[in-house]
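K.L.:
Let me begin by handing over the structure; questions about it come next.
Derivation of every value follows stated rules applied to the coordinates shown; laboratory data play no part. Just so you know, these numbers come straight off a predicted model, no measurement behind them. Methodologically, a virtual Cβ is constructed for each residue, glycine included, from the backbone with ideal geometry; neighbour enumeration extends over all protein chains shown.
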């Protein structure tokens, strides 16, 4: 069975939230006059872009701030 190209391009998924999360998301969507889906998709894009940057920054801080400790541990 061949899967149509449009199905592979636009994947659907279910996201299960607790009531408090749903209520908070709904309030934010109303405040921003956006859909709940749009807010979740933007949050996911932001997370995927920023996470590697934050990780690299954290590693740089450890290497800089704990250079002496890292040197001693390497012996």
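K.L.:
If I fit a long axis through the Cα atoms of helix 19-32 and take the longest principal axis of the Cα atoms of the chain, what angle between them do I get, 0 to 90°, rounded to 10?
P.N.:
Tilt of helix 19-32: around 80 degrees.
K.L.:
Just to be sure I understand the curve: with the Debye formula and one point per C-alpha of region 17-74, what is log10 I(q)/I(0) at q = 0.13 Å⁻¹?
P.N.:
Values returned for q = 0.13 Å⁻¹ are -0.56.
K.L.:
Another question, if that's okay. Quick one: helix 36-65 against the long Cα principal axis of the chain, what's the angle to the nearest 10°, folded into 0 to 90?
P.N.:
The two axes meet at around 0 degrees.
K.L.:
While we're on this one: Roughly what would the spin-label model give for residue 30 and residue 72, points 7 Å off Cα along C-beta, in nm?
P.N.:
About 5.7 nm, to one decimal.
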